[in-house]
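What follows is a set of notes on a single structure, which appears directly below.
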Amino acid sequence: MILQKSIQEVIEASKIEEVVGDFVNLRRRGVNLAGLCPFHHEKTPSFYVSPAKNIFKCFGCAKGGTPVQFVMEHENLSFPDAIRYLARKYKIELEETEATPEVLEEQQLVESLYLVNQFASQFFQDQLVLTDKGKTIGLAYFKHRGFKEETIRKFGLGFAPETGDALTRLAIEKGYSIDLLRSLGLCSSSDRDFFRNRVMFPIHNLSGKVIAFAGRIMNKDPKAPKYINSPETDIYQKSKVLFGAFQAKTAIRKEDACFLVEGYTDVISLHQNGIENVVASSGTSLTIGQIRLIKRFSNNLVILYDGDQAGVRAALRGLDLALEEDMAVRVVILPDGEDPDSFVQKAGKEDFADFIKKNAQDIIQLEAGILLQQSANDPTKRAEMIGHIAHTISRVKNPIRRDEYIRNVRELLQVDEGKLVLEINRILHKEVEKFAHRQELESRGAPASTEHGADTTAPGASEKVISQEFGDGYQEKDIARLLITAGNKRFDSAEEVSVAEYVLMNIEDVLSEFDQPLYKQVVEITYQLVSDKKEVTLDFFLHHPEESIRQLAINVSSSPYEYSENWEKRHDIGLSQNPPEENHRKDAENLIKRFKLRKIRRFKERNAMKMKSLLQANGPEEEIQACMQLHLKLKEIETQLAKDLGTVVLK
């Protein structure tokens, strides 16, 4: 187990903008940073990072937390493994006590799968550089491709021997489960190695963990496939993974562009030649999951394909999906007989980059040009071509960009713009009808299929995220908010009274009237901290052991909006009031008054009901008089509180 002081050291060292920035392309938005949420599909950023508070919060799906919680959620890790992940990132040496057999047995399946894959990856690497067969077959192949030893190590390339069960036997000897080896596709049901006599390409997730393998055959067997891949598992879904994404993510963000190629060796060769913002779709058409993965780092996609027609058609197959995600897509057709690997080795980095710059074509213009050649003077084919282009343009969500495409295509194809717009509108109208039909099916409780496996959001999902709490619950939440976000601030500098102390002094007599257990718990926790003479800080609540307290702290301390200083700096217009974080005293005073006003009104209602019952039952006169006196007193307090708050009291 990790010692608490080591955990605390990691927590203190971890910066939310650095941790999230490894996975999300963040852009400055005032004092915060914003980007596309990695936990749900969105086209407009609702995911915010606050360096000052060291937290993240998505206002679309409601996920939020600290750096540790981000790693746990994003990488599907337990708390200890998230701490280890961050310790490696910040080069912190952890102090741990020896884990018991019981703790080892409780390790999650996902963690075990990662461990087995890492073992297999190291096995393949050792076979490549430490065995005669590995050197003469595998290493010779990689060197023939021009790969340097440094590049081979960087991508973890390896070799699977021809021996039927070398990996399986060694793994079992080392104590790894045969069931895990089978589930990962490393061995067959007859316990024979799945990868044999192949050079190995490990596939990593965004944090660098090995999640799968691809193996290229080394002998000329016409019956055997050239490449074989790991099966899909709990840690590997092919449609959501791009080869080289781990090695490329920093460069993609820096260059604000992603090159997409077809093969593993293309990625490695470009990377070795200094072009690092490159990934591969592994020979398949782009999927929506892969496009969204790229979009997390850049909106600009450049597809590099061979000059043959098959390569061009492959580029066009992923077109609609990329446009639907509002990405800027260009295609570069390489010279005949060249692929990215061979071309960069011949041309070198500078000439290669220059060729890309000069030959990158907008994908809709490219498609229109290809279809124009194919249709020639055939009216039927030309009509089909225009319909196809209209369908492609209809995928573009940005209306300004869509209009620009319409103008460009009109000039290129010499087609009537009005007819083109009419066809696009017809397609869009049809899509709206289909969407409405799906919504109707969902409202009836019937399943509604979606194209491309795209994410859909149920009508009630957003309501859960921004649910409104009315009545006393809202007032109680406001008290909890103030205690969490400003409990340690000075309420009265002259008397050295904190906001937490002021609030507690003024609600002590009505604490029993709290309806919401969570908000009452925050008050009780605060009371204990004050009693123990400890500071009531936001950080304390953000790292509280109870999940409900942590989430509440995230929610009440996060906002996508902030006060702008531009009015004063640029226009010489001062704010009519201080920003919320500077209004602790006024906020606390009004909050207490609002809270007490609601409670007084509740007391009044109870007292009125009691008085009504006494009158109906001809109860004791002294009790009736006592109720009337209490009613007058409560009315007096209510009137004063309402006056202070500017609220009207109905007679």
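Each value in this text was obtained by applying a stated rule to the coordinates, not by laboratory testing. Quantities reported herein were computed from a predicted structural model and do not represent experimental measurements. Using ideal geometry, Cβ is built from the backbone for each residue, glycine included, and neighbour counts are taken over all protein chains shown.
Between LEU422 and GLN629, how high is the FRET efficiency from 1/(1 + (r/R0)^6) when r is the Cβ-Cβ distance and R₀ = 60 Å? Nearest 0.05. Numbers along the way, then the final one.
Working: r = 79 Å, r/R0 = 1.31.
For LEU422 and GLN629, the calculated efficiency is 0.15.
Extension gain for SER285-ALA166 works out to 39.4 nm (0.36 nm per residue, less the C-alpha to C-alpha distance). Judged by the ratio a/c of the largest to the smallest principal axis of the C-alpha gyration tensor, the range 474-558 counts as oblate, that ratio being 1.5 or greater while a/b is no larger than b/c.
In debye, nearest 20: dipole of the range 119-264 around its Cα centre with unit charges on the Cβ of K, R (+) and D, E (-)? Intermediate results must be reported in sequence, preceding the final value.
Values: 23 positive and 16 negative charges, 79 e Å.
Computed about the Cα centre, the dipole is about 380 debye.
Across the range 252-417, C-alpha contacts under 8 Å between residues 6 or more apart give a mean separation that, scaled by the residue count, equals a relative contact order of 20 percent. Give LYS63/LYS254; LYS520/LYS635; LYS249/LYS295; LYS610/LYS633 a once-over and call out the pairs whose C-alpha atoms are over 19 Å from each other. The answer is LYS63/LYS254; LYS520/LYS635. Counted by neighbouring Cβ atoms within 10 Å, the residues HIS388, HIS74 run from fewest to most as HIS388, HIS74. The listed peptides 337-349, 218-230, 4-16, ordered by packing as a protection proxy, come out as 337-349, 4-16, 218-230 (highest mean of other Cβ atoms within 10 Å first).
By the scheme Lys and Arg +1, Asp and Glu -1, what is the net charge of all other residues having a beta-carbon under 15 Å from that of ALA617? Don't jump to the answer; show the numbers that get you there.
Working: positive: LYS610, LYS612; negative: GLU621, GLU622, GLU623.
Summing Lys and Arg as +1 and Asp and Glu as -1 gives -1.
About its Cα centre, the range 4-89 has a charge dipole of approximately 260 debye under the convention of +1 per Lys or Arg Cβ and -1 per Asp or Glu Cβ, with nothing else charged. In the range 109-236, a dipole from Cβ-located charges (positive for Lys and Arg, negative for Asp and Glu) runs towards its positive end, and of TYR141, ASN229, GLY215 it is TYR141 whose Cα lies farthest in that direction.
Can you give the percent of C-alpha pairs in the range 109-236 whose distance is more than 18 Å? Result for the distance tail: 49 percent.
Which number comes out as Rg/Rh for the range 252-417 once both Rg and the Kirkwood Rh are worked out on C-alpha atoms? Mind dumping the intermediate values first?
Details: Rg = 16.1 Å, Rh = 16.5 Å.
Computed over Cα atoms, the ratio is 0.98.
Each of GLU636, GLU111, GLU367 was scored by other Cβ atoms within 10 Å of its Cβ. Arranged with the fewest first, they read GLU636, GLU111, GLU367. Here r is the Cβ-Cβ distance between LYS43 and TYR227 and R0 is 30 Å; the resulting FRET efficiency, rounded to 0.05, is 0.30.
Applied to the range 120-130, the Karplus parametrisation 6.51 cos²θ - 1.76 cosθ + 1.60 on θ = phi - 60° returns per-residue 3J(HN,Hα) values of 4, 4, 5, 4, 5, 5, 5, 4, 5, 10, 10 Hz, with x for Gly and Pro.
Relative contact order of the range 60-182: 20 percent, from C-alpha pairs under 8 Å at least 6 residues apart in sequence. Stretching the chain fully between ARG182 and LEU130 yields a gain of 16.1 nm (0.36 nm per residue, less the alpha carbon separation). Each peptide in 66-72, 423-429, 353-359 gets a packing score, the mean of other Cβ atoms within 10 Å over its residues, and the list from highest to lowest is 66-72, 423-429, 353-359.
Ranked by how many other Cβ atoms sit within 10 Å of their own Cβ, fewest first, the residues SER189, SER498, SER285 fall in the order SER189, SER285, SER498.
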